[in-house]
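Please treat every number below as a calculation from the coordinates, not as lab data. These numbers were taken from a predicted model, which means no experiment stands behind them. Quick reminder, even Gly has a Cβ in these numbers, built from the backbone with ideal geometry, and neighbours come from all protein chains shown.
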Amino acid sequence: MRYAVLSDIHANLEALTAVMDVLANSRIDRYLCLGDVVGYGADPSACVERLQRADALMVGGNHDLACIGKLQLGWFNDAAKTALVWTRDQLSFTDLDALRRWPLKTADGPFTLVHGTLRHPERFEYLVDVAQAVETMQICPTLMCLLGHTHLACVIEYDRAQRRLMRILTTAGELSEVAFQDEPEARRYIVNPGSVGQPRDGDPRAGYAIIDTDLTRISVRRVPYDIERAQRKIRDAGLPAFLADRLAAGR
Ligand code: ZN
C-alpha cells in the first residue's frame, strides 16, 4: 500500500492543490491527514471539501477544534484568533459536520494518527524534544505514529529493546527518503510530514510524505506552489498581513 500523509494545510488551497496534483500521479491507495486543515489561510471550506473528496482518514488539529467550539480561542495568538473568527463564518454546515466527526487520534493498519502528541492529544503539545518522542513511541500501539503540529518534517526511529532513539532524519531539500523496518516488536517510528500550507523551516514549498509499506520506505517531499496567489487571497479577505507575508519566507 502507498499512503499519502498530509498535515497542517491551514486553508491554503494553492498548496493543497499542488500536493494533490503530484499525488494523483503517485499511485496513492490511501490519504491520511493529521489535522489543522483550516485556520490562517483564505480557503478553509475548499480545503475541507478537497480532503473529503479524497476520502482521507482524518484527525482534528487545534485550529479545526476551535472552529467547532471544542477549544477556547484564548489558546491562540492574536493573528490566529482573528483568522479563526473569520474562518468560522466561511465554513458551511456540511464542513462543520465533517470537522465534528474528526477524532483526536485514530489508527489505520500500521499507523496511529494524532496532531500533537500521543500522551495528551487534547493538549496539542508540540513534539520538540527527545523525552516526548520516546514517550509517544512507548505508548504507540502501532509501528508508526504520524503527527504534525510543529510544521517541521522529521522521521525518528526507536529501538524498543534498547529503549533508545536510533536515527533522526530531519529533512530539507527536494526529496528525503529513508527505509523502515516492518517489525512492530522491535521498532517504532514517528513521522512528521511537515506542513502543506504553512512550512516553518525556511523552505516555503508545500511539504508532505509518502509511505510505501510494500517497499518499506518513507519519503518526505516538497513541491512548489503559487504562493503569490495564496498571499493575495489572504490580503483580499482582510486577514492579518503577517499571515500572507510568512508564506514567502517559509516561517
Ligand atoms: Zn498547524
>> How much of the DSSP bridge set in the chain is antiparallel, in percent, rounded to the nearest 5?
In response: 75 percent
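So what is Rg over Rh here for the stretch 1-125, counting just Cα atoms and using Kirkwood for Rh?
0.95
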> Nearest 10 degrees, 0 to 90: what angle lies between the long axis of helix 227-236 and the longest principal axis of the chain (Cα atoms)?
Replying inline: 40 degrees
>> How high is the relative contact order of the stretch 144-251? Use alpha-carbon pairs under 8 Å, at least six apart in sequence, and give a whole percent.
In response: 27 percent
>> Going by amide H atoms built from the backbone, whose H comes under 5 Å of the H on Arg187, apart from near neighbours?
In response: Arg160
>> Show me, for the stretch 110-125, the HN-Hα J-couplings you get by feeding each phi into the Karplus relation (A = 6.51, B = -1.76, C = 1.60, θ = phi - 60°), rounded to Hz, glycine and proline as x.
In response: x, 10, 10, 10, 8, 7, x, 10, 6, 5, 9, x, 6, 8, 6, 6
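If you count, for each residue, the other Cβ atoms within 10 Å and average over each peptide, how do 159-169, 8-18 line up from highest to lowest?
Numbers: 159-169: 12.2, 8-18: 27.3.
Answer by packing, highest mean first, reads 8-18, 159-169.
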> Which Cys residues of the chain have no other Cys Cβ less than 4.7 Å away and so no disulfide-compatible partner by this rule?
Replying inline: Cys33, Cys47, Cys67, Cys154
> So how much slack lies between Asp129 and Arg27, counting 0.36 nm per residue of separation and subtracting their Cα-Cα distance, in nm?
Replying inline: 33.3 nm
> To the nearest 10 degrees, how steep is helix 130-139 against the longest Cα principal axis of the chain, on a 0 to 90 scale?
Replying inline: 70 degrees
> Which whole-Hz couplings ³J(HN,Hα) result when phi for each residue of the stretch 49-62 is put into the Karplus expression 6.51 cos²θ - 1.76 cosθ + 1.60, θ = phi - 60°, listed in order with x for Gly and Pro?
Replying inline: 5, 4, 6, 4, 4, 7, 6, 5, 6, 10, 10, x, x, 4
> Can you give me the relative contact order of the chain as a percent, contacts being Cα pairs under 8 Å and 6 or more apart?
Replying inline: 23 percent
> Expressed as a whole number of Å, what is the distance separating the alpha-carbon centroids of the stretch 14-57 and the stretch 143-216?
Replying inline: 19 Å
> Tell me, what ³J(HN,Hα) does each residue in the stretch 80-93 have, in order and in whole Hz, if you take phi through Karplus 6.51 cos²θ - 1.76 cosθ + 1.60 with θ = phi - 60° and put x for Gly and Pro?
Replying inline: 5, 4, 4, 5, 5, 4, 5, 4, 4, 6, 7, 7, 7, 4
> Relative contact order, percent, of the stretch 48-159 when contacts are C-alpha pairs under 8 Å separated by at least 6 residues?
Replying inline: 25 percent
> Using alpha carbons only, how many degrees (0 to 90, rounded to 10) separate the axis of helix 13-24 from the longest principal axis of the chain?
Replying inline: 40 degrees
>> Can you tell me which aspartates and glutamates have their Cα less than 20 Å from the Cα of Lys105? Leave out same-chain residues fewer than eight positions away.
In response: Asp8, Asp36, Asp55, Asp64, Asp95, Asp97, Glu122, Glu125, Glu135
> Given H placed on each backbone N at 1.01 Å, which residues far from Phe180 in sequence or on other chains put an amide H within less than 5 Å of it?
Replying inline: Arg217, Ile218
>> With N set to the number of residues, divide the alpha-carbon radius of gyration of the chain by 2.2 N^0.38 Å and report two decimals.
In response: 0.94
> lysines within cross-link reach of Lys233: Cα-Cα under 24 Å, excluding same-chain residues under 8 positions apart?
Replying inline: Lys81
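Going by how many other beta carbons lie within 10 Å of each one, how would you line up Tyr189, Tyr40, Tyr126, fewest first?
The order, fewest Cβ neighbours first, is Tyr126, Tyr189, Tyr40.
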